[in-house]
Every structure is written in C-alpha cells, then in structure tokens.
Amino acid sequence: MFKLDEVQGIFSSLPPAELAIEDVMLADALGRIAAEDVFSSIDIPPSANSAMDGFAINYEDLLHQKNNTLRVSQRVPAGSIPTPLIPGTAARIFTGAYLPEGADTVVIQENCDHVQDVSGSKVVVLSKPIKGANIRPQGQDITVGAKVVRKGQRLNAIDLSLLASVGKASVGVFERLRVAIFSTGNELAEPGHKLNAGQIYNSNRPLLWALCQQLGFVPVDCGIVEDTLPATQYALKTAASKAHLILSSGGVSGGEEEHVKPAIEALGKLEMWKVRIKPGKPVAYGSIDGSAFLGLPGNPVSSFVVFQLLTVPLMRALQGEETKHSQCYSVVAGFDKKITTREEYVRVKIRREGGNLIADRFPNLSSGVLSSLSWADGLVRHKIDCAISYGDPVDFFPFTEAML
Ligand code: AMP
Ligand code: MG
C-alpha cells in the first residue's frame with residue numbers, strides 16, 4: 001500500500017499533459033494557468049511622478065528664496081507633459097502627473113498657501129519639506145525586465161492587474177485540462193428519475209463535476225457504467241478519447257463486482273493501487289491511451305477526501321500548474337481518538353472558545369454519510385501511529401482553502 005505523501009509527491013512532479021497554449025484576453029484569464037514567464041518591457045511608473053496634489057519644487061531653490069515664496073510657473077495635471085522647471089519657481093502639480101525636469105520635491109498643498117494676485121500665481125511653503133518627498137521614482141513598482149508572472153502560476157485578479165499595469169492586454173495560458181468523469185455501479189440512478197428498489201441516486205457525479213469546474217478544468221460527462229468488465233473497458237476507452245484525465249468513481253476495491261482495476265490493467269497501465277488513508281483507501285492510478293486515469297472510491301465521503309488530497313495535486317500537475325500546498329492551520333482537538341494505522345482525515349466543525357479554535361468531530365465516521373461533509377468546515381489530519389487527546393494541537397485543512 002502506498003503512503004499518502006509519497007503519492008502526493010509523485011503526482012505533483014508529473015509533467016503536464018499535452019496542452020495547447022492559448023493567448024487569452026485579460027478579461028478571460030481569471031483562474032487560468034500561465035504557460036510562460038511574462039516580463040515587463042517598461043518601467044512602472046515610466047517616469048517619476050507626484051504622489052500627491054501640491055507643488056513641485058527644486059529643494060535647493062527653496063532654500064535660497066525669501067519668505068519661502070516661489071512663483072508658480074506651470075500647471076501639471078496628470079496625463080500632461082511638463083516643461084522643465086524654471087529655476088526659482090514652483091509647478092502646481094497633481095497626483096500621478098509627471099515631475100518636471102529639475103524638480104526634486106513635492107510639497108503637499110496642505111503645507112502651502114497658494115496666492116493669486118496681480119503679480120500672478122505664487123506659493124508660500126509653510127513648512128520645510130523633506131528633500132525628495134512625495135515623489136514616486138521611475139521604476140518604483142516594476143523595472144524593465146522584471147518577471148511579473150511565472151510559468152505555472154494560477155492567475156488571480158491581482159496578477160491580471162499587474163499584467164495590465166505593464167501594458168499586456170492578453171496572456172498565454174495552457175488550454176484547460178479536460179477531465180472525463182464516469183460513475184460505476186448497477187445501483188445508481190440519476191436524480192430526477194424514479195428510484196427503483198435497490199437503487200441510490202448518483203451523488204458523485206455532481207460532486208466531481210463541480211469540483212473540477214471550481215478549479216477551472218473542463219468536466220466531460222461519461223455517464224453511469226454498469227458493473228461488468230466489458231462495460232468498464234468500453235467506458236475507459238471512450239473517456240480516454242475525450243479527455244486528458246479520466247476520473248471514475250466506485251468499483252475499485254478489488255471485489256468480485258469491481259472491474260475498474262482489471263479493466264485498466266487489461267487496456268492500459270496500472271501504476272498504483274490503494275493508498276494508506278482513511279477514508280479512501282481504494283484508489284487506482286494509471287494511464288490508458290495517453291490519458292491519465294484515477295479511480296476514486298464510490299463512497300461519497302471517500303470520493304471527496306481523495307479528490308482533495310490526491311486528485312487536486314494530480315490535476316494541477318497535468319494542467320501545468322506549479323505545486324501548491326494545501327492551506328493548513330493548527331487548531332485544538334475537541335475530541336479523543338484512538339491510535340490509527342492509516343492517515344485519517346476527520347470531518348470537523350470549528351468553534352471558538354476563549355482564544356482557541358476547537359475542532360469538534362462529526363460523531364459518525366461512516367464514509368457513506370454525505371451530510372457529514374455538508375456539516376463540516378474541513379478535515380483534521382490524524383497521523384499514523386498517533387492517538388489524539390482532547391486539547392492536542394492538530395492540523396486542520398479548511399475545505400475551501402484545500403480545494404483552491
Ligand atoms: P464501491 O466503491 O463501488 O464499492 O461503492 C461503495 C459505496 O458507495 C456503495 O455503497 C455504493 O453504493 C456507493 N456509491 C458508489 N458510487 C456512488 C455514486 N456515484 N453516488 C453515490 N454513492 C455511490
Ligand atoms: Mg460499486
């Protein structure tokens with residue numbers, strides 16, 4: 001049996017699937033994975049400019065003026081091009097406006113008296129400025145040649161803003177990973193249909209579908225597959241022709257009615273089977289016709305946990321995304337739990353008590369109880385060969401963070 005961190009490590013270091021590179025406009029690039037490093041071809045700001053509304057002066061000039069008074073020789077709103085500062089004068093300037101050549105300091109308007117009389121426009125500097133104050137130097141934010149986006153980076157709103165700030169209207173990203181999803185089980189019925197005796201509704205399909213969507217992958221529906229070897233083989237072949245990765249649910253434990261493992265062994269390559277985790281031990285990983293394959297357990301909770309722990313790193317790697325470790329916080333166990341031989345992920349809800357965050361566990365540990373996931377805020381890791389006592393610090397993985 002494989003250890004969880006070992007499998008996570010293998011998945012994270014897999015090369016990306018064969019994905020085309022698309023040039024997409026920034027408005028369509030949220031959540032996409034950058035396919036190349038992006039460098040700035042300009043300085044930002046491109047020229048020194050004023051950080052405030054006020055008066056641009058030459059510091060030395062001011063020292064030589066009587067009564068700290070300077071004639072105002074030009075007006076520089078943002079977006080205009082200033083002329084060089086006439087020695088011994090000030091320029092009225094506004095936030096974001098380029099600094100006139102020869103000016104080295106901006107005095108904020110609150111520290112000035114702006115006098116308009118018959119002799120023209122004058123400024124009295126009321127308090128001595130610091131030389132260089134209120135100026136944003138050229139390249140303060142970004143310099144020519146600086147890397148603004150890394151290959152493999154998942155682009156968020158800030159990244160898109162940064163790209164825009166250096167003048168990029170579009171960005172090269174990897175084509176979205178296509179993920180074929182099928183559910184095995186003779187007992188499965190689709191919601192919206194009458195439930196016959198012996199049947200349950202297929203809850204894994206919307207789960208896996210939505211999780212893929214949430215991560216920006218393209219789910220491809222491959223339906224429900226009956227528990228026979230030929231049907232499973234056919235489903236795998238079809239799925240492989242449609243997607244970069246196949247996710248199946250159920251039929252992977254190795255029992256008489258379980259055909260996923262023999263099907264992948266017969267048609268493709270089985271690389272791994274069974275991981276030492278709970279819930280979710282029966283997991284199969286392999287490949288078929290150039291597509292990666294991951295067989296998830298059928299129990300809804302197991303399916304979800306395996307998705308969080310293994311499918312996400314696998315999908316990120318195939319999508320060309322850089323490795324990202326799940327967010328993990330230290331909280332206090334609000335329960336006792338006996339020693340475990342498999343790394344266990346316990347459904348918990350967080351409560352605040354004094355200055356502590358306490359994790360209460362869901363009373364029923366059955367992996368068939370989907371409502372436990374809806375109740376929980378996340379998972380607490382129970383490490384192999386350890387017991388947990390009330391009050392112990394434990395690692396907590398919130399669902400939303402662990403997912404994204
Ligand atoms: P299996 O992994 O096929 O042995 O299934 C384990 C348990 O999960 C069984 O009780 C199945 O009925 C249930 N199960 C399997 N697939 C699904 C599914 N798609 N939706 C809901 N429950 C499922
Ligand atoms: Mg089954």
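Table for the structure above
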read-out	value
Of all residues making up segment 57-97, the number that are more than 15 Å from P129 (Cβ to Cβ), small (G, A, S) and crowded, with 20+ Cβ neighbours inside 10 Å	1
Hits in segment 206-223 (condition: open to solvent by 50 Å² or more (accessible area, probe 1.4 Å) and not hydrophobic (A, V, I, L, M, F, W, C))	P206, Q213, Q214, D221
Residues (within 17 Å of A164 (Cα to Cα), assigned to a helix (DSSP H, G or I) and open to solvent by 80 Å² or more (accessible area, probe 1.4 Å)) located in segment 1-50	A27, D28
Pair list, Cβ < 6 Å and 6+ apart or interchain, from segment 185-201 residues that are of a type in the set (V, I, T) to residues that are surrounded by fewer than 11 Cβ atoms within 10 Å (Cβ to Cβ) and not in a strand (DSSP E or B)	none
Failed condition for S302, given (1) more than 20 Å from S12 (Cα to Cα); (2) among the polar types (S, T, N, Q); (3) in contact (Cβ under 8 Å) with a residue 60 or more places away in the chain; (4) surrounded by fewer than 22 Cβ atoms within 10 Å (Cβ to Cβ)	(4)
Pairs, first free of Cβ contacts under 8 Å to residues at least 24 places away in the same chain in segment 267-285, second open to solvent by less than 60 Å² (accessible area, probe 1.4 Å) and more than 16 Å from ligand 1 (Cβ to nearest atom), C-beta under 7 Å, six or more apart	K269/G286; K269/S287; L270/G286; E271/G286
Qualifying positions in segment 359-391 - more than 26 Å from the chain's Cα centre (by Cα), crowded, with 20+ Cβ neighbours inside 10 Å and assigned to a loop (DSSP other than H, G, I, E, B)	S367
Qualifying strands (runs of 3 or more DSSP E) (wholly inside segment 104-171; at least 1 residues being under 38 Å from the mean Cα position of the chain (by Cα))	147-149
Residue count for segment 184-223, restricted to those that are part of a strand (DSSP E or B), within 30 Å of G320 (Cβ to Cβ) and either more than 12 Å from ligand 1 (Cβ to nearest atom) or of a type in the set (F, W, Y) (or both)	5
Enumeration of residues in segment 224-253 that are surrounded by 24 or more Cβ atoms within 10 Å (Cβ to Cβ) and away from ligand 1 (no atom under 13 Å from the Cβ)	A235, L236, A239, H244, L245, I246
Among the candidates I339, I277, I358, residue that is touching a Cys at 6+ places or on another chain (Cβ under 7 Å) and at pLDDT 95 or above	I339
Segment 293-309, residues that are in contact with a strand residue (DSSP E or B) (Cβ under 6 Å, 6 or more places away or on another chain) and among the hydroxyl-bearing types (S, T, Y)	S303
Lone unmet requirement of (1) within 20 Å of V218 (Cβ to Cβ); (2) within 16 Å of ligand 1 (Cβ to nearest atom); (3) not aromatic (F, W, Y) for N299	(1)
Entirely in segment 242-335, the strands (runs of 3 or more DSSP E) that have 3 or more residues that are within 27 Å of K383 (Cβ to Cβ) and out of contact with any Ser or Thr (no Cβ under 8 Å at 6 or more places or on another chain)	329-333
In segment 173-183, residue nearest to S249 (Cα to Cα) [restricted to those that are away from ligand 2 (no atom under 15 Å from the Cβ) and either open to solvent by less than 30 Å² (accessible area, probe 1.4 Å) or in a loop (DSSP other than H, G, I, E, B) (or both)]	I181
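This table checks each residue for (1) under 30 Å from K242 (Cα atoms); (2) in contact with a strand residue (DSSP E or B) (Cβ under 7 Å, 6 or more places away or on another chain); (3) of a type in the set (F, W, Y).
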position	(1), (2), (3)
S13	yes, no, no
I21	yes, yes, no
M25	yes, yes, no
P45	no, yes, no
L62	no, yes, no
N68	no, yes, no
S80	no, no, no
P87	no, no, no
A97	no, yes, no
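The values are calculated or read from the model by the stated rules, or taken from the named source; none is laboratory data. Because the structure is a prediction, the values reported are computed rather than measured. Quick reminder, even Gly has a Cβ in these numbers, built from the backbone with ideal geometry, and neighbours come from all protein chains shown. Each accessible area value is taken on the protein alone, full model and side chains, heavy atoms only, with ligands, DNA and RNA left out. Shrake-Rupley method; radii C 1.70, N 1.55, O 1.52, S 1.80 Å.
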